[in-house]
Amino acid sequence: MTAINLKIKLLNDFPAPKYATEDSNGLDLLANIKEPITLKKYQRVLVPVGIKIALPKGFAAFVTPRSGLALKHGISVTNSPGLIDTDYRGEISVILENLNDLSFIIEPGMRVAQLVVLELPK
């Protein structure tokens, strides 16, 4: 496996994503919102996460659901895994979907998804 120096640009003085533990494989992505968002049953919403990244050639990033949100609240990433191409330089956002019969509140700064960076086979 090749080591990677992932370049991350923080937007709006937002905190940097980080790994929850030393052995985590995904960076926790945080909701970069000013006000809570109520996600009603079966609704989808685009949630910005306050970062832009620059991937080197030969790598891709994938946005994946958080298992705790999925199990406890029925919240998932609609296009899971969401692929971020090497040449994409815009702000990363996450399409969250409420698969539950109850509404769910997304709070500012809440961990909403994970970002996994993988080297692509040659």
**Item:** Ordering of 31-38, 69-76, 8-15, 109-116 by burial proxy (mean other Cβ atoms within 10 Å per residue, highest first)
**Value:** 109-116, 69-76, 31-38, 8-15
**Complete:** Once Lys72 and Leu102 are pulled to full extension, the length gained, defined as 0.36 nm per residue separation minus their Cα-Cα distance, is 9.6 nm
**Fill in**
Residue-normalised 222 nm signal for the chain, counting each DSSP H run of n ≥ 4 as -39,500 (n - 2.57), nearest 500 deg cm²/dmol, is -1500 deg cm²/dmol
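Grab the alpha carbons of the chain, take their convex hull, and tell me the volume per residue in Å³.
Values: hull volume 12.9 nm³, N = 122.
So the per-residue hull volume is 106 Å³.
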**For a label point 7 Å along the Cα-to-beta-carbon line of Ala54, residues of segment 83-122 with backbone N under 13 Å** = 87-90
**Complete:** For the chain, whose charge dipole is built from +1 on Lys and Arg Cβ atoms and -1 on Asp and Glu Cβ atoms, the candidate among Val63, Thr86, Asn5 with its Cα farthest towards the positive end is Thr86
**Message:** Residues of segment 72-87 with the amide nitrogen closer than 18 Å to a label point 7 Å from the Cα of Glu119, along Cα-to-Cβ, please.
**Reply:** 86
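None of the figures in this text is laboratory data; all of them are computed from the coordinates on show. Note that the structure is predicted; figures quoted are calculated from it, not measured. Every residue, glycine as well, gets a Cβ built from its backbone with ideal geometry; the counts of neighbours run over all protein chains shown.
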